[in-house]
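> Before we start, here is the structure in question, set down as structure tokens.
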């Protein structure tokens, strides 16, 4: 299935990103570097799209790090910072009881869980209520992208971007679960071709 022209942007850095903490659905704000990364992405879109950006739909995860990234991008585009939609299905993967911890901290208390995650990262569900695997996340976000009918700019999360690459770029699950997702670049989808810009 071909989607309309799409720019998918991961939120800028947070202090938890910098510390290597599993954020999941915890609502952690951008830090100064994260705001600078969002500005970079907004400037890129301004240079590429110009006034054509007004023809795009703007959609974000409701978590503050993604929503603030969108506000910064829209400001750089000369648009009303707050005039965008959110969709709760675009929130990050839920890491269950592991949220807020580093992998090193989790390994110290749950080495078997870390080993199981390493063996099958795409399908691994952490312990705890509401926890999800990447496979579950992909099923959650797919209807959002499948429903797009107009050019769209989306701000979301690393897991959402991994899911997108698996579904719409045929990236194998093992590779999609490990590929780096930058915070200072944007994934551009156009006519079924995906590139980082």
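Any read-out appearing in this document is the output of simple, stated calculations on the displayed coordinates, not a laboratory observation. Just so you know, these numbers come straight off a predicted model, no measurement behind them. Cβ placement follows ideal geometry from the backbone for every residue including glycine, while neighbour counts extend to all protein chains displayed.
> What does the convex hull of the Cα atoms come to per residue for segment 63-197, in Å³? Intermediate results must be reported in sequence, preceding the final value.
Working: hull volume 16.2 nm³, N = 135.
It is 120 Å³ per residue.
> Choose one answer from 120, 157, 94: the residue with the largest mean-square fluctuation in a GNM of the chain with alpha-carbon springs under 10 Å.
Highest fluctuation among the options: 120.
> Order of 195, 101 from fewest to most other C-beta atoms within 10 Å? Don't skip to the answer; put the middle values down first.
Working: 195 11, 101 17.
By the 10 Å Cβ count, ascending, the order reads 195, 101.
> Report, in degrees rounded to the nearest 10, the 0 to 90 angle that the Cα long axis of helix 158-168 makes with the longest principal axis of the chain.
Tilt of helix 158-168: around 70 degrees.
> Can you tell me the orientation of helix 134-146 relative to the chain, as the angle in degrees between its alpha-carbon axis and the longest Cα principal axis, to the nearest 10?
20 degrees
> Would you mind computing, in nm to one decimal, how far apart the modelled labels at residue 170 and residue 194 are, each placed 7 Å from Cα along Cα→Cβ?
1.2 nm
> Given only helices, namely DSSP H runs of n ≥ 4 each adding -39500 (n - 2.57), what is the per-residue ellipticity at 222 nm of the chain, to the nearest 500 deg cm²/dmol?
Numbers: 8 runs with 80 residues, N = 197.
So the helix-based figure for the chain works out to -12000 deg cm²/dmol.
> In what order do 149, 155, 102, 86 fall by count of nearby beta-carbon atoms within 10 Å, going from fewest to most? Kindly include the intermediate steps, with their values, before the conclusion.
Details: 149 8, 155 32, 102 14, 86 17.
Result, fewest neighbours first: 149, 102, 86, 155.
> In addition: Which value in nm describes the separation of the simple spin-label points at residue 32 and residue 147, placed 7 Å from the Cα toward the beta carbon?
4.0 nm
> Determine the percent antiparallel among the DSSP beta bridges restricted to the chain, to the nearest 5. Provide the component values of the computation, followed by the final result.
Details: 10 of 21 bridges.
Of the beta bridges lying entirely in the chain, close to 50 percent run antiparallel.
> Can you tell me the orientation of helix 64-76 relative to the chain, as the angle in degrees between its alpha-carbon axis and the longest Cα principal axis, to the nearest 10?
Approximately 20 degrees, to the nearest 10.
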